[in-house]
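Everything on this sheet refers to the single structure shown next.
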Amino acid sequence: MTATAALLLVALLAPLAAALATLGWPEPTPPGRLVPSGLRWRRAAMLAAGAVTAVCTLALAALVQRGETHTLSLLQLTPHTWLTLRVDAAGALYAATAAVLWLLALVYAVGYLHGPRLGRVHAALMVCLAAAIGVAYAGNLLTFFVFYELLSVLTYVLVVHDETPAALAAGLKYIVYVLFGGSLVLAGVLLTFALAGDLSFTVGGVFAADASANALRVAFACFALGFGVKAALMPLHGWVADAHPAAPAPCSALLSGVLVAAGGFGLVRVCFEVFGVATLHSLGVMPWLGAAAAVTIVVAALLALQQDDLKRRLAYSTVSQMGYLTLALALLGPIATAGALVHLVHHAFLKGTLFFCAGSFAHATGRRGMGSLAGLAARTPVTAAAFTLATLGMIGVPPLSGFVSKWWLGVGMLESSAPATLALLLIGALLAAGYLLPVVFTLYFAKGVTRPPGVAPKPGVATRSFEVEHRPPLLVAITVAAALTLVLGMAASAAGFPLALARQAAATFFGGG
Amino acid sequence: MLAPATHAAPLLVVAGPLVAAALLALAAAAPRVRLLAPLRAARGGHALVVVTALAVTLALVAAVPAVLAHGVLEVAVPALLGTLRFRLDALGLTVALLAGLVWSASSLHASAYLADEQRGRTLRYHLTSLVTFAALLTVVSAADLITLYLGFEWLGLAAYLFVVHTGSKAAEAAGLKYLVLTLAGGFAVLTGALLVHSLGGGDLAAPLALDPDRSTLRVVAAACLLVGFGVKAGALGLHTWLPDAHTAAPAPASALLSGVMLKAGAYGIARTLTGPFRADADAGLAALQQAETLGLVVLWWGVATMLVGVVMALMQRHAKRLLAYSSVSQMGFVLTGMGAAIYLGEAGAIGWTGAIAHVVNHGLFKALLFLGVGAVITSAGSGELASLGGLARRMPWTFALVLVGVAGIVGVPLLNGFVSKSVIHHAIDYAAAEGRGHGLVIAERLFVLTTVGTAAALLKLTAGVFLGRPGSDGARNASEAPFAMRLALLPLGVAVVALGLRPHLLAPLVGSALEGWGLPSGSVERWLTSPVTDLPDLSAATLALAAGLAVHLLARRFGVYERTFPAWASLDRAALTLARAVRDALVGAQHVGGEVSTRASHVGADATSAFQRTSAAVTRLLQRIVAAVPRRRVSDAASGDAASSAAASSDAGDDAGGDVGVHARWPALVRSWGDALSALADQLDRSWRLALESGRMTDDDRERLARLARARIQRHSRDVGLAMALVVLVWLVMLGSLAAASAV
């Protein structure tokens, strides 16, 4: 067994082991103790597993950059298909993103998640991590589907964690949408198998040249609609705006950064390794996908402008930003694809930061409306600064990470001779400024809204915010995520950073490397 | 070759203000660190900013010989999209020197202006000042469009904090307008940079080859860059942020905005024209023609800007607003000079000489004027011309220094404004003489008209503030400005005079810049020094002054100043109308979209209701069948009616050999599945409706519902689990069929 295989297995199994372990420690608090002793161990196990997975995925990413790839067959599912893991550039990129963001979210969750049902959500978090790793390293379509569905279905537990009616309603909406999407993906998988007899990921596609174009179009539609639900492609985005606000903040960050991105990642895999660039060109389906993405970018951003709930605003922002990814994919150019992949990574950390901050704000004020944020920066300076930085990143101000991905997307769009799409990119960025900057202004400049004049400050409010800014886990997660925004931007072109991997992946997909 | 350390000079200069900003922030954030204690005191903060600005200026002065000797200082930092490349050439150095001087004076002025300010806000002001300074230095030392954009964006964003510094409603409104235009301008620059990059350019010194197939794209790129930088330069149509922002900002910040930051826009346009869109003689006819058109557009844009700006300035009643519109007008001079330079092509050196000199000169006297007016506002408590007056005797020092600035801007010979305006005038004359029928003779007339207007507007300002009778108690009780403010005015006044008497001090830097663009630099010194001895120039200036005085007196006599500008002519109003129209259209579209999605949701809800009813009916039917079937034949009935469970169950039934207990389980199982199904349908229906509602609920509603419904919901969440199990079961069947298919 090589080092690569070992790293792969550890990355996949460590969270599963932690999930099993979390079930082992009892929940009840011993008399006279504030934190249940079992909880402390469980958190330690989670963080350890998260860290191990993050380190393994980063190591794998480094190995991939040195040109090492590896395929590992685990289990024979059917006579023709195995449960196969494989490390390639795109997978390593997605895995590292998911694992690092997950680690940050776990750290945040330690400070954020309290109260009942912790065991359930902890176990779900760990299994979801394993599933996300599986999605990233899946070596064929069937493996991908298995992990993808596992991730989708288990995320339900994260969404409904609060068990408020809104959360349960959002959860139901989520599960209906996602199962519908999953069924379409499954239909796509079956069609692919029927048409090609092969489910492996092959650059350039698995279909024979004489395959029926209409059958291929149907298969592509199944995949596009199926993954479109997850990637929040309009009009299949309905679950996003409900699930994000309903989920606890660390889970919202993961929903945006990893779950929605999983849909985009699925599209990447299907486009380049099931259909192949040449087939897609001849099918002529990409303009349709691009049109849907274009509508998504603009309409979702316009919807985001109108939301009062900060997390809803961020959720629509995710819908809009994921539209970039789909749009860039639809252009079928190497630079645009690299831009899409690197945007996936950078967006994950930017949106993660924003959701972490939103969680802290909600925690500090006990409310979620924009009005409750007025003047909050004075009480939560670090969080507000991180939010501002991430906002600037989302707008695409250099030298933050958002600028790098936007630049690559823009260059890719021009390279694919689609200058009109560049306008979309910039409109989206301008609208991003429109829906995020007001939040920053409210944080810093708005006054007198939280407390009507003449009313004494509630004693609880001040202590709560004090508590939030003095909870190390929250602060650590927020600062590291915000710092990543800066580091990923400043050092974007350094070897070992997402851009290099994304370019390597794009080169592979387009047959150059 | 130069030592690498010398080449790193631009970087060190950019880093200076950033280090100072970091120190200030650290001092505020870590109150226990003894070492930083001096910086926490108000004086320490002021001193740090002034010293930083002075140090940067000195460093830049020290870099002059190296730049003149070698043309450029270059350094590349591996960051962002590969490398951030910095290159300090003569043009950048000139603007940087101007920035250093103005920043030093403004910071000194601010130390007195902000004396009564809260500590936190003083800190914010200083941090903003240092960050904008660093951003500006980045802009002028950028070697490619990406680095330039980096600096430009931060310059624009950080300066927002200047605009909203006072926190008043007017400041907020001005800030919003400023930010919208700045962001839009920033994106225009980004678009232009992307387009230039995709056309194979990006370096600010390398002309972009014209590919006949993509010549439209090249035009679009140039337009984007011009518009983007035009916003910052206050070019006509994009200038509307400028009067509001300058009036709302504290006076020292207005001096920075007008004295230096507008120049960043002009600098950007200059780089656009001389970098990617430069057409050398061997560039081919198409490129030359494109350049000529570009020059003509910029020229006319500049003429329109200077004319409209000066008319607006004449109509203003607030000292800072008047100066702000005058800045718009003066930037028009710069644009005109640059346009003429490009239009003249090979012979355009004179246009560049005038434009660059005017950038420096305007920066000096406009900063001086804003700082002087700031001193007046501090002493008299108002900037409204009506409530000022008669301050010449109460503030003699300020008056004297402001008078130097006014004399400079209106073009009194022997002062700097006269020189650069005359050179630009000559450039227009040449362009008109070249005369390819573009009406440039008219442009020359309009130029003269603007000079007259400038004189009238500035006379109005001087008379309104310093002469006549005081208009308010504040003006009556005013006393001379604090020493630091007067001291801040001094170096600017000295520079105005010095560059008037010795204009050729600028010649080496301008010449070096021209050589960098492949233009002859031999006559620069002559162009700069000749106006003082040139009779037509002198008489033109004198006539313009006299005419300006006449205009001012007549306008006052006939009450023109009391008129307000017609509302329909307001660009703001037009923009607002447009914005409202767009908003209304969007709201309308959203209404339609909302209607569609509500319908769709109701269809979904109806579907779930139908599902609920159907499943209830099926359940009842199943129950009836189960009840009707004799016990012994249960397994047959089950295999007939519930196919999915039959396959596994019939085996079990056969194995049990007709055991009644086993048979009895079947009806119960079927019933429980039926129940689960209808419960699921019920839940699906309710939750769907709940989800429809929840978009309209407030937090309180949600809380209330949460308390009421928790128990019921928890019971139902089991059903969702069951539903998931059902779907997974279906998949397993499908996967099984896949396995079967692959086995065949």
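Points worth noting:
- Across the stretch B:182-201, the number of residues qualifying as surrounded by fewer than 21 Cβ atoms within 10 Å (Cβ to Cβ) and more than 9 Å from chain A (Cβ to nearest Cβ) comes to 1.
- Selection from the stretch A:223-253 of residues that are over 25 Å from A:Asp162 (Cα atoms), within 14 Å of chain B (Cβ to nearest Cβ) and surrounded by fewer than 24 Cβ atoms within 10 Å (Cβ to Cβ): A:Met234, A:Pro235
- Exclusive hit being of a type in the set (Val, Ile, Thr) and either assigned to a strand (DSSP E or B) or open to solvent by 10 Å² or more (accessible area, probe 1.4 Å) (or both), set A:Thr143, A:Thr84, A:Thr155, A:Thr97: A:Thr84
- Restricting attention to the stretch A:41-81 and to residues that are of a type in the set (S, T, N, Q) and touching a Phe, Trp or Tyr at 6+ places or on another chain (Cβ under 6 Å), the residue that is most open to solvent (accessible area, probe 1.4 Å) turns out to be A:Gln76.
- Applying a threshold of 6 Å to beta carbon distances and a minimum spacing of six or more residues, or different chains, the list of pairs starting in the stretch A:139-160 at a residue that is within 12 Å of chain B (Cβ to nearest Cβ) and ending at one that is of a type in the set (Ser, Thr, Tyr) and assigned to a helix (DSSP H, G or I) reads A:Val159/A:Tyr174.
- Residue match in the stretch B:252-274 (condition: of a type outside the set (Lys, Arg), in contact with a helix residue (DSSP H, G or I) (Cβ under 9 Å, 6 or more places away or on another chain) and open to solvent by 10 Å² or more (accessible area, probe 1.4 Å)): no
- Every listed requirement among (1) within 14 Å of chain A (Cβ to nearest Cβ); (2) open to solvent by less than 40 Å² (accessible area, probe 1.4 Å) is met by B:Leu39 save one, (1).
- The residue that is farthest from A:Asp88 (Cα to Cα), counting only those in the stretch A:192-207 that are within 14 Å of chain B (Cβ to nearest Cβ) and buried (at least 22 other Cβ atoms within 10 Å of the Cβ), is A:Thr192.
- Against the list (1) within 22 Å of B:Val360 (Cα to Cα); (2) at pLDDT 90 or above; (3) β-branched (Val, Ile, Thr), the condition B:Thr128 fails is (1).
- The set of residues in the stretch A:371-395 being surrounded by fewer than 19 Cβ atoms within 10 Å (Cβ to Cβ) and assigned to a helix (DSSP H, G or I) consists of A:Gly371, A:Ala378, A:Pro381, A:Val382, A:Ala385.
- Output for the stretch B:383-395, where each listed residue is over 13 Å from B:Met485 (Cβ atoms) and open to solvent by less than 30 Å² (accessible area, probe 1.4 Å): B:Gly383, B:Leu385, B:Ser387, B:Leu388, B:Gly389, B:Gly390, B:Leu391, B:Ala392
- Leading residue by the ranking (nearest to the other protein chains (Cβ to nearest Cβ)) among those in the stretch B:159-178 that are assigned to a helix (DSSP H, G or I) and open to solvent by 10 Å² or more (accessible area, probe 1.4 Å): B:Glu172
- Enumeration of residues in the stretch A:303-356 that are under 22 Å from A:Val159 (Cα atoms) and not in a helix (DSSP H, G or I): A:Gln307, A:Asp308, A:Asp309
- Which numbered condition A:Thr380 fails, given (1) in contact with a helix residue (DSSP H, G or I) (Cβ under 7 Å, 6 or more places away or on another chain); (2) at pLDDT 90 or above: (2)
- Condition met for A:Val277 (open to solvent by less than 10 Å² (accessible area, probe 1.4 Å) and of a type in the set (Val, Ile, Thr)): no
- Residue check, A:Val404 open to solvent by 30 Å² or more (accessible area, probe 1.4 Å) and either in a helix (DSSP H, G or I) or away from every other protein chain (no Cβ under 12 Å) (or both): no
The values are calculated or read from the model by the stated rules, or taken from the named source; none is laboratory data. As the structure is a prediction and not an experimental result, all values here were calculated from the model. Note that we place each Cβ from the backbone using ideal geometry, even for glycine, and neighbour counts take in every protein chain shown. Only protein heavy atoms, including side chains, enter the accessible area calculation; ligands, DNA and RNA are left aside. Shrake-Rupley method; radii C 1.70, N 1.55, O 1.52, S 1.80 Å.
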